[in-house]
């Protein structure tokens, strides 16, 4: 009888230890997922006033500032806030780039121009230039100057 009690006790200890370990791993994964969601939500929800926007921000930047969702892919969106561009996929930030308005793409000797119609995005390793084909309160159409494709977005 004593043998059965010891075996049962050992079995319960192993079972409980395993259950606690699994719970701990699941809890850590949930905590990390919650942190990622909080960061993405913060990026989406913050206004330019909180992310380095200056009072001298030009009219074009003020018009384009905000959250834009890809019209062809609901999982893709980007946020422009001040001089920052955040690309999101499924609500998670996948890239952060500097953002400026130019009178032409830098490769065509363009310069920063508050009346320009080109967006220049850049990191230390990469640059992208888009022509602003159309911009109004609720929609944005960009032309990728390198690939020649049209990208359509809706304000969120």
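The values are calculated or read from the model by the stated rules, or taken from the named source; none is laboratory data. Small disclaimer: the values here were computed from a predicted structure and weren't measured. Here the Cβ is made from the backbone with ideal geometry for all residues, glycine too, and neighbour counts use every protein chain on show.
Among what's in the range 91-105 and is touching a residue at least 40 places away in the same chain (Cβ under 8 Å) and outside any strand (DSSP E or B), pick the residue that is farthest from the chain's Cα centre (by Cα).
In the first step, residues of the range 91-105 are kept if they are touching a residue at least 40 places away in the same chain (Cβ under 8 Å); the result is 91-93, 101, 105.
Now narrow it down to the ones that are outside any strand (DSSP E or B): 91, 105.
Details: 91: 7, 105: 24 Å.
Step by step, filter the range 91-105, then rank; the result is 105.
For the range 136-156, give me each residue that is part of a strand (DSSP E or B) and either under 28 Å from residue 109 (Cβ atoms) or at pLDDT below 95 (or both).
Looking only at the range 136-156, we keep the residues that are part of a strand (DSSP E or B), and these are 139-144, 150-155.
Correct list: 140, 141, 142, 143, 144, 150, 151, 153.
Within the range 59-80, which residues are modelled with pLDDT under 95 and surrounded by fewer than 16 Cβ atoms within 10 Å (Cβ to Cβ)?
Selection gives 59, 62, 63.
With the condition kept exactly as written, say whether any residue in the range 81-90 is in a loop (DSSP other than H, G, I, E, B) and at pLDDT 95 or above. Before you say what the answer is, go through the steps one by one.
Of the residues in the range 81-90, the ones in a loop (DSSP other than H, G, I, E, B) are 82-83, 90.
Within this subset, residues satisfying the condition of being at pLDDT 95 or above are 90.
Yes: the range 81-90 contains one or more residues that are in a loop (DSSP other than H, G, I, E, B) and at pLDDT 95 or above.
Among the residues of the range 106-135 satisfying the criterion of being in contact with a helix residue (DSSP H, G or I) (Cβ under 8 Å, 6 or more places away or on another chain) and either part of a strand (DSSP E or B) or modelled with pLDDT of 95 or more (or both), which is nearest to residue 59 (Cα to Cα)?
The qualifying residue nearest to residue 59 (Cα to Cα) is 135.
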